[in-house]
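Have a look at the structure below, then the notes.
The values are calculated or read from the model by the stated rules, or taken from the named source; none is laboratory data. In this text the structure is predicted, and so the values were computed from the model without any measurement. When we count neighbours, we look across all protein chains shown, and the Cβ atoms used for this are built from the backbone with ideal geometry, even at glycine. Side chains included, ligands, DNA and RNA excluded: accessible areas come from the protein's heavy atoms. Shrake-Rupley method; radii C 1.70, N 1.55, O 1.52, S 1.80 Å.
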Amino acid sequence: MTILSILATISGIFLGFGALPQAIKIFRNKSAGDVSATTYFITTIGSFIWILYGFEIKNTPIIIPNIIGAIISAIILIGWFLYGRNKR
């Protein structure tokens, strides 16, 4: 693994965890009314495609961060389904 691929992996992991504060806020406040489910749905699908591509080319700096990002985006979607929909 080159230095650049190590830095790319570290950077990607930080980016993957970028949505974690949103997930924590949703579950802590039990509210996701202002969260765009569409955004996180697209992010989850995009991450899944990148994961598949990463496996195809056997590239860990692509696989690991996108697994993290997909999991956190999926958690946000679960939070939106639990707390974000209009419950009139």
Handout entry: Residue-wise HN-Hα coupling along the range 73-80, computed from phi with Karplus coefficients 6.51, -1.76, 1.60 (Hz; x: Gly, Pro)
Key = 4, 5, 4, 5, 4, 4, x, 5
Handout entry: Inter-site label distance for Lys58 and Ser5 at 7 Å from Cα along Cβ, in nm
Key = 1.0
Fill in the blank from the handout: Relative to the chain, whose Cα atoms define the longest principal axis, helix 3-16 and its Cα axis are tilted in degrees, nearest 10, by 10
Fill in the blank from the handout: Carbon plus sulfur, as percent of the 1.4 Å-probe accessible area of the chain, comes to 70
Handout entry: the chain: calculated mean residue ellipticity at 222 nm from DSSP helix runs of at least 4, using -39500 (n - 2.57)
Key = -26500 deg cm²/dmol
Handout entry: Phe17 accessible area, assembled protein chains, probe 1.4 Å, Å²
Key = 100
Handout entry: Longest to shortest principal axis, alpha-carbon extents of the range 30-88, angstrom
Key = 48, 16, 13
Completion exercise
hull vol. (C-alpha, convex hull) per residue for the range 1-51, Å³ -> 84
